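Everything on this sheet refers to the single structure shown next.
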Amino acid sequence: MLVDSHCHLDFPDFAEERATIVARALAAGVGRMVTISTRVKRFQQILEIAENFEEVFCSVGTHPHNAAEELDITTDDLVRLAKQPKVVAIGEAGLDYFYDKAPRDAQAQGFRAHIAAARRTGLPLVIHARNADDDMIAILQDETGKGAFPFILHCFSSGRRLAEVGVALGGYVSFSGILTFKNSAELREIAKDVPRDRLLVETDAPYLAPVPHRGKRNEPAYVAETAKVLAETIGVNQDEIARITTDNFFRLFSKMPRPAQQGG
Ligand SMILES: [Zn+2]
Ligand SMILES: [Zn+2]
């Protein structure tokens, strides 16, 4: 069994055929999906999707792009919403200096509120980091100093040092379809050095479809292509990469019950 640790099933790209997309994932051996919140104001919609499908779980949080619009969302709000049985993570939150869609101080403020929620709930924080390595490292070190919290550097595409610091602070590193791109040799070198018990895979669907679907709409079934490249990268076979990433997933997303029929 494979797992898609990060997708966006609420996006309009999937509106017409959500059930088909989930069925296609299950047929491809992708047994669990986490649909990730980008706006707390749309949380009910996400929760509904998770409640409609046994295999789909969700997070609660504000994407850094939307940070300025949701500065009124407090840690208490996040903690309260995270009590829903289908919520297994906080986020995605973090810093995105590539698009800079929200002022950087608003991104940092929102990010720290989410960190506090992860610390209080014990749920993993899904971290979005883009072109913000130095500030991300500084905040992670500062906040971890106040008390550890579980986290995942999602859709990892940052520099080696952020991966190393993340791992040293107890974090997990999740690779998306970017890992399969021809020009991602440097990223594959970083993946090789992430300890095996910290590796995860994701799609970030509908974005970033892996080769050979690159450029098309992504969907959770395609996480198998990223897992395949990750297996080749670290030198294990297909069964082994599924076992490694799925074990890591259930250890990190510990609120999610592990399916009883779990096999090889
Ligand atoms: Zn993201
Ligand atoms: Zn995302």
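The values are calculated or read from the model by the stated rules, or taken from the named source; none is laboratory data. Predicted, not measured: the structure shown is a model, and the values here were computed from it. Here the Cβ positions follow ideal geometry from the backbone for every residue, glycine too, while neighbour counts run over all protein chains shown. Surface areas here come from the heavy atoms of the whole protein model, side chains and all, with no ligands, DNA or RNA. Shrake-Rupley method; radii C 1.70, N 1.55, O 1.52, S 1.80 Å.
For this structure, a couple of remarks:
- Projecting the Cα atoms of ILE137, PHE11, ASN248 onto the charge dipole of the chain (Cβ charges, centred on the Cα centre) puts ASN248 farthest toward the positive pole.
- Reachable lysines, given that their alpha-carbon falls under 16 Å from the alpha-carbon of LYS228 and they are not under 8 places away in the same chain: LYS182, LYS192
- What the Cβ-Cβ distance of ASP76 and VAL236 gives, at R0 = 51 Å and to the nearest 0.05, is a FRET efficiency of 0.75.
- Remark: spin-label model distance GLN141-LYS182 equals 3.9 nm, labels positioned 7 Å along the Cα→Cβ axis.
- Protein accessible area in the chain, 1.4 Å probe - carbon and sulfur %: 49
- At 1.002 mPa s and 20 °C, Stokes D of the chain from Kirkwood alpha-carbon radius, µm² per second: 119
- Mean separation of Cα contacts under 8 Å (6+ apart) over length of region 50-124, as relative contact order %: 39
- Taking a sphere under 14 Å around the Cβ of THR233 and counting the other residues whose Cβ falls inside, with K and R at +1 and D and E at -1, yields a net charge of -1.
- Accessible area, probe 1.4 Å, largest first, for residues GLU240, GLU202, GLU69, GLU232: GLU232, GLU69, GLU240, GLU202
- Length gained on full extension, LYS101 to THR20, computed as 0.36 nm times the residue gap minus the Cα-Cα distance: 25.9 nm.
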